[in-house]
Amino acid sequence: MRDLKIDQAAGLRRLGARRNAKVIAITGGKGGVGKTLTAVNLGAALAGLGRSTMLLDADLGMANVDVLLGLRARLNLEHVVNGECGLEDVVLNAPSGLRIVPASSGSFNMATLGRAQHAGLIHAFSELLEPLDVLLVDTGAGVGEGVVTFAEAAQRVVVLVCDEPASLTDAYGLIKVLARRRPGCKFEIVANMVETPAQGRELYDKLMRVCHRFLGITPSYFGYVPNDDYLRQAIRAQATVVEAFPGSPSARAFQRLALAADGWTPPVQASGGVEFFVERLVGRESPRAVGAQ
Ligand SMILES: Nc1ncnc2c1ncn2[C@@H]1O[C@H](COP(=O)(O)OP(=O)(O)OP(=O)(O)O)[C@@H](O)[C@H]1O
Ligand SMILES: [Mg+2]
């Protein structure tokens with residue numbers, strides 16, 4: 001037990017010595033609102049800006065970042081936390097320069113990891129060969145423990161919404177859960193599949209008003225992504241639209257989002273960056289069961 005504590009402390013110290021990466025969760029409450037597409041395209045656009053960017057596929061039920069990009073994942077984070085391989089062994093390199101870490105084989109449950117696995121996770125991230133500027137975390141749908149654990153560990157939570165009543169109510173439900181569990185959590189709203197920029201603003205205003213009124217918080221407007229057939233073509237080609245059709249409306253939108261995210265100040269506190277994220281992921285006092293609310 002004592003050795004494990006030493007391992008964890010040493011891992012955390014190594015992480016602390018690195019640049020403080022921005023850790024951004026991509027979430028949304030409702031299924032199919034464009035979380036994964038936003039994660040891979042924002043990631044590719046950030047990599048295009050020269051930022052060292054990693055995408056953690058934390059959709060534990062239906063991990064599909066690798067499929068979306070035509071990559072084949074043999075190993076995942078579960079092998080890493082079990083000490084079967086190092087993090088660099090599971091990293092997939094996308095053509096854009098974005099690096100992908102597949103999290104799950106379907107049975108992975110962060111809430112039930114033991115102490116040795118916690119230490120393994122911290123150690124794995126501290127061993128990364130290249131320091132990160134940005135760690136994006138693609139979460140699944142819903143407000144179950146598997147989603148909330150990852151989202152509340154991030155510094156910023158990007159919430160995807162589209163113009164459907166269920167999308168707005170699910171996004172609000174997720175923000176409510178996260179704001180209660182982590183007061184001060186920073187929310188960034190993306191309006192996806194919009195027909196006009198004004199429609200994006202309207203969607204944001206609707207969500208912002210209910211958050212302000214009932215939760216006393218004001219999420220920021222990150223931006224919009226238009227409904228774009230080029231994006232669907234890119235999916236069929238297992239490519240990012242940012243690379244396949246860089247001049248298309250959605251690619252330009254993702255480039256704007258990347259520029260905006262690039263302007264966010266990185267965490268300055270000693271416990272910032274990936275260290276902060278991993279610490280939050282594994283450091284909870286009383287792990288709860290997946291799905292428990
Ligand atoms: N801006 C857009 N323009 C056109 N189609 C889009 C756009 N955004 C999303 N889609 C469509 O929505 C589908 C779902 O997108 P995506 O897989 O990113 O959603 P998700 O929120 O990650 O879903 P899940 O909850 O299942 O993880 C895409 O396959 C695509 O067909
Ligand atoms: Mg998804």
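Nothing in this text is a laboratory measurement; each read-out follows from the coordinates by a stated rule. The structure presented is a predicted model; accordingly, all values stated were derived computationally and were not measured. Don't worry about glycine lacking a Cβ; one is built from the backbone with ideal geometry, like all the others, and counts go over all protein chains shown.
General remarks:
- Among 68, 98, 168, the order by Cβ neighbours within 10 angstrom, fewest to most, reads 168, 68, 98.
- Distance (nanometres) between label positions extended 7 Å along Cα→Cβ at residue 82 and residue 265: 4.4 nm
- Residues 67, 91 arranged by fewest to most Cβ contacts within 10 Å: 67, 91
- Burial ordering of 186, 35, fewest other beta-carbon atoms within 10 Å first: 186, 35
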